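One structure below.
The values are calculated or read from the model by the stated rules, or taken from the named source; none is laboratory data. Quantities reported herein were computed from a predicted structural model and do not represent experimental measurements. Note: areas computed on protein heavy atoms with side chains; ligands, DNA, RNA excluded. Shrake-Rupley method; radii C 1.70, N 1.55, O 1.52, S 1.80 Å.
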Amino acid sequence: MDIYASNLKKSIQSRFYDIGLYKGKECEIKITLNDDGKLISAIPNEKNNNNDKKLCIRGMELIEKTQFLPTPEDDLTSNKNVFSIIIRP
């Protein structure tokens, strides 16, 4: 799952065409997918005090436009469809 989340993060960050607006900022977003890879939710982690509100909004917009692959089979992870990414453009 780490590779899946890492590839997703790279895909999202590569589409930040306005990257200069968010330099030095971060946002942690919790993503929930169904087994087919369809987005159920993408919400900022409220416990992360470093989250930049504008970056979170932009990150969620990009996540909502992302076409996800089905999540990988992972017998070691019971909650394989829920993960967080930290966006730092």
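Taking the C-alpha atoms only, the angle from helix 2-13 to the longest principal axis of the chain is near 30 degrees.
In the chain, carbon and sulfur make up what percent of the accessible area (probe 1.4 Å)? C and S fraction of accessible area: 50 percent. Note: relative contact order over the chain, using C-alpha pairs below 8 Å and six or more positions apart, is 44 percent. Rolling a 1.4 Å probe over the heavy atoms of the protein chains gives the chain an accessible area of 67 Å² per residue. In terms of its Cα atoms, the chain spans 39, 26, 20 Å along the principal axes, sorted from long to short. Only DSSP H runs of four or more residues enter the estimate; each adds -39500 (n - 2.57), and after division by the residues of the chain the mean residue ellipticity at 222 nm equals -8500 deg cm²/dmol.
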